[in-house]
Each structure stands twice: as structure tokens, then as C-alpha cells.
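What follows is calculated from the coordinates using simple rules that are stated; it is not laboratory data. Every value quoted in this text rests on a predicted model; they were computed, and no experiment measured them. With ideal geometry, Cβ positions are generated from the backbone for all residues, glycine too; neighbour counts draw on all protein chains shown.
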Amino acid sequence: MTITRGIRALSTGYYHDFADVPDTDENLSTCVVFESKEDDCHGAVANSWPDSIALNASITRVAAASDATVERVENSKFLDRISLYGAPRIDLQSQVQNPKSCCSKIVVDFENTGKYSLENEIDTFIGKDFGDYQMNFSSDHLFEKEFLICSQSISEIADQSGTLKHENTFAKCKIYPYGGMFEYGMHPQLMESCVFRVVHDGKQLCLRISPLSAMRNLGIDPTKDQPSESGYQFVGVKNFSESQKTNLYDELKNGFCKIEVINKNTEETALYKSNAVLHQQKTNLITINFIKEES
């Protein structure tokens, strides 16, 4: 005689140890098969998965390495040339005052410890193995966030009024990508793409650098062109990917980071996606929570 019964354990709110990350709406489904032969009876778990997995991680930056320069020619007169990433002059109206805060990539690494919940019980673990499960990362890093940088030198040519000619359009200014923001201790919500434009104060050439969110707060979308009566107010950056338009915090909260989990008993695999992140203030340490992705 064989009896098959499904047991469904519902999540009951915030787990005590996970108080800093939101609970998940997903439930754990377990199929238990009871087999009976004469007087022998045994039970075996055919398929069960953790409710959630929380991994401790660290964030580091990869500097923007480029020999690109920026120069400006106005009314056929050469004004100035500066290094884009070496030792640029920053305009006083820049939201980013320290260009060394900008980088080409942010790397999130697993710090070799974590917790997992299974059937409303929580256990801690070290390494990639825990209980009957094993994690598999698709690369050496848990997550990587790349930013657009300027890898080619820029030469701006303007007419007598200072209007730039960009391809077949005329614009007051051109916006360029400058990498991403990162400082030690910074909240991941502030780790986002930056853009810049070239300004000349009458004495020297400078860069005005802004995070995407700062420009959006001013009602400007730097990823699009803004038309004006005489052409364009500015020409935006068109080749930002969706990831490059999003800060690190929102990416991790919305499932951009994924891990494969292997059931060592059945060799079945399941994909887990990130759904919450907790930042340890004044450090580069975070905890990322994962839930099982629905197939």
C-alpha cells in the first residue's frame, strides 16, 4: 500500500533572526511518500526546499581605468584639454566632488557565512554547503554591477554662441557616462550610474558630474534627448542598459542576483532570487535574502 500526501507549511511572519529583512510570501511545499510492506513502514522526503536563504556579503569597487581626455574647441579656438579620469577639474556645481568615488564596476562577494530557514526552523552555516543542500554560483563573484564609462577621448566643437554640433543635431550640452558611485560605508541605494557634461568657466575646462537620481530629481532624464526651440537643450546617453539605470540596492531587492541550490539527496536543482538586502552602517558589508524562484 502506498499513500501519498502533500504537506504545506505556511510562513508565519518575520523570523526572529531575519527581523531586518522582509518575510517572503512564498511557501514551502513538501511531498512526503509513505510506503508500507507488511509490517515495515518508512517515510522519505521526495522534494523539499528552504523557505529562504540569507547570505553575508561584501561590496568592493573596480576603478575606472582609462586614458581618455576631454577637449573643447569654441569658434575655431582651442580652449582647454583635461584628463577624464586621471586628475580632472571638477565644477563647483557637481553633485560628485570626488571623482575617485566613481568606478567601472561594483563586485559583491559571498563572505562564506549565512542562514537558511526550513520548515520554520533557522540554521546558520559556513561555506556553500548547508544541511542537505549546496549552493552553486555562476561566477567567482556573487554579483557584479557594471557601469558605462568613457573609454574614448572627447572633442567638443561649438559655434560662436557655444552651441554644440552633435552628429546632425545642435544642442546646448552633451551628457556622457562617467561610471558608477562607490564609497566605503555608502548605502547600496546610492551606488548608481553617474553622468557628466563639460563646462568652461571662462578660465578653464571643468567636468560637472551628477548621479542619475540627482538629475532626475531636477526633472531631467539624462538617458533621453531634451528638445528645445533651437534644436536640443541637451543630448542624453542612449546606451544605458536597464541594470545601469538602477542602483545596486534596487537590483538586489528585485531579484537581479540569483543562486542555484542543489538538493544533495535527489540531485535536483532550484533557482533562488534576491528579494531583500540589509546594509551594515559605516561598512561595506550587507546581508542578501533569497527566495525560491517560481518555475
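In a reduced charge model with +1 at each Lys and Arg Cβ and -1 at each Asp and Glu Cβ, segment 38-175 shows a dipole moment near 1700 debye about its Cα centre.
Could you work out the equivalent-ellipsoid semi-axes for segment 64-116, taking the square root of 5 times each eigenvalue of the Cα gyration tensor, largest first, in whole Å? Spell out each step's value before the answer.
Details: eigenvalues 292, 33, 12 Å².
Semi-axis lengths for segment 64-116 are 38, 13, 8 Å.
How high is the relative contact order of segment 71-185? Use alpha-carbon pairs under 8 Å, at least six apart in sequence, and give a whole percent. So the answer I get is 33 percent. Only Cα pairs under 8 Å and 6+ residues apart enter the sum, and on that basis the relative contact order of segment 209-295 stands at 16 percent.
Using +1 on the beta carbon of Lys and Arg, -1 on that of Asp and Glu, and nothing else charged, what's the dipole of segment 145-295 about the Cα centre, debye to 20? Could the numbers behind the result be given before it?
Working: 17 positive and 18 negative charges, 75 e Å.
Computed about the Cα centre, the dipole is about 360 debye.
Report Rg/Rh for segment 136-293, rounded to two decimals, where Rg is the Cα radius of gyration and Rh the Kirkwood radius. Mind showing how you got there, number by number?
On the way: Rg = 20.5 Å, Rh = 18.4 Å.
Looking at segment 136-293, the ratio lands at 1.12.
Which whole-number percent of Cα pairs in segment 65-159 have a distance greater than 24 Å? Taking all Cα-Cα pairs of segment 65-159, the fraction more than 24 Å apart is 52 percent. For segment 103-220, the Kirkwood radius over C-alpha pairs fed into Stokes-Einstein at 10 °C and 1.306 mPa s yields D = 86 µm² per second.
Please find the FRET efficiency linking Asn98 to Gln152, where r is the Cβ-Cβ separation and R0 is fixed at 35 Å, and quote it to the nearest 0.05.
Working: r = 24 Å, r/R0 = 0.68.
So the FRET efficiency works out to roughly 0.90.
For segment 162-170, the Karplus equation 6.51 cos²θ - 1.76 cosθ + 1.60, evaluated at θ = phi - 60°, returns couplings of x, 6, 7, 9, 10, 6, 9, 10, 10 Hz by residue, with Gly and Pro reported as x.
The Cβ shell under 15 Å around Arg61 holds other residues with a net charge of -2, Lys and Arg each +1, Asp and Glu each -1. Can you give the FRET efficiency for Glu293 and Gln134, using 1/(1 + (r/R0)^6), R0 = 22 Å, r = Cβ-Cβ distance, to the nearest 0.05? Taking R0 as 22 Å, the efficiency between Glu293 and Gln134 is 0.80.
Let me check I have the definition right: for segment 201-287, take the eigenvalues of the Cα gyration tensor, multiply each by 5, take square roots. What are those semi-axes in whole Å, largest first?
Details: eigenvalues 341, 64, 23 Å².
Value: 41, 18, 11 Å, ordered largest first.
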